[in-house]
Amino acid sequence: MGNLSAHFDSSEFNCKTCGKSATISDLLIRRLEEIHSLMNAKAIYVTSGYRCPNCSVRVGGYRNDAHTKGMAADIKVQKQDGSYYSAEDIAEAAERIGFGGIGLLNGATHVDTRDTEPYSNNHWFGDERNGNDNIRTFQRGTVFPGQKTENKKRKLKIYLDDVLLIEKEI
């Protein structure tokens, strides 16, 4: 149990290079919890949360990117069996949740709340592995373990004087 939410502690978001901390967006934490639920995750690991401006530049980011504002995280999502979801699976789930910034990375997925919180642009879907910054959607139709399905089949049974007349799936 974390001090930010049920599954996240502020220490997970400290700058991985220098250890500095900052206020982390409440919206980011809420959406990460939604990913946890949708994917029925065993755990979500934050590989990079807050970055101080100097450290962000040092790892290939920018002095004023979403990480420096506490509104981004690079994450890995662990399945219940201990294996990990692919970056593409995480991106698909993040898009459904409503993240406006999503990027595929080697071994992780970038998510940020640029769609709602002040930032230079309000939408970015990209693949940092190959430089493609123009991905239209990550949706592939994956059904995640925590997904609520709306089309559940039900059985209709009609009796007359305790005799089953009709049994039908609807």
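The values are calculated or read from the model by the stated rules, or taken from the named source; none is laboratory data. As the structure is a prediction and not an experimental result, all values here were calculated from the model. No Cβ is skipped: glycine too gets one built from the backbone with ideal geometry, and neighbour counts run over all protein chains shown. Ligands, DNA and RNA are excluded from the accessible area calculation, which covers all protein heavy atoms including side chains. Shrake-Rupley method; radii C 1.70, N 1.55, O 1.52, S 1.80 Å.
Looking for something under 18 Å from residue 29 (Cβ atoms) and outside any loop (DSSP other than H, G, I, E, B) - is there at least one such residue anywhere in segment 141-148? Checked against the condition, which is being under 18 Å from residue 29 (Cβ atoms) and outside any loop (DSSP other than H, G, I, E, B), segment 141-148 yields no hits at all.
Taking the criterion of being under 20 Å from residue 109 (Cα atoms) and aliphatic (A, V, I, L, M), the residues of segment 1-35 that qualify are 24, 27, 28, 29, 32, 35.
For (1) open to solvent by less than 100 Å² (accessible area, probe 1.4 Å); (2) of a type in the set (S, T, N, Q), each residue gets a yes or a no:
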site	(1), (2)
115	yes, no
123	yes, no
130	no, yes
134	no, yes
139	yes, yes
144	yes, no
147	yes, yes
165	no, no
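Scanning segment 44-68 for residues that are under 12 Å from the mean Cα position of the chain (by Cα) and buried (at least 18 other Cβ atoms within 10 Å of the Cβ) gives 44, 46.
When segment 1-13 is filtered for residues that are open to solvent by 30 Å² or more (accessible area, probe 1.4 Å) and either of a type in the set (Phe, Trp, Tyr) or part of a helix (DSSP H, G or I) (or both), the ones remaining, listed by number, are 10, 11, 12. Would you be able to say whether some residue in segment 56-74 is out of contact with any Asp or Glu (no Cβ under 9 Å at 6 or more places or on another chain) and within 24 Å of residue 139 (Cβ to Cβ)? Yes - at least one qualifying residue is present in segment 56-74. Filtered by the rule that a residue be touching a helix residue (DSSP H, G or I) at 6+ places or on another chain (Cβ under 7 Å), touching a residue at least 60 places away in the same chain (Cβ under 8 Å) and open to solvent by 10 Å² or more (accessible area, probe 1.4 Å), segment 94-107 gives 97, 98. Restricting attention to segment 19-38, and to residues there that are open to solvent by 40 Å² or more (accessible area, probe 1.4 Å) and not acidic (Asp, Glu), which single residue is nearest to residue 147 (Cα to Cα)? Among those residues, the one meeting the criterion is 37. Of everything listed in (1) open to solvent by 20 Å² or more (accessible area, probe 1.4 Å); (2) in contact (Cβ under 8 Å) with a residue 12 or more places away in the chain; (3) not in a loop (DSSP other than H, G, I, E, B), the single unmet condition for residue 16 is (3).
Looking at (1) over 23 Å from residue 12 (Cα atoms); (2) not in a strand (DSSP E or B), find the lone condition where residue 125 falls short. For residue 125, the exception is condition (2). Filtering 41, 91 for residues that are of a type in the set (Gly, Ala, Ser), part of a loop (DSSP other than H, G, I, E, B), modelled with pLDDT of 95 or more and buried (at least 16 other Cβ atoms within 10 Å of the Cβ) leaves a single hit, 41.
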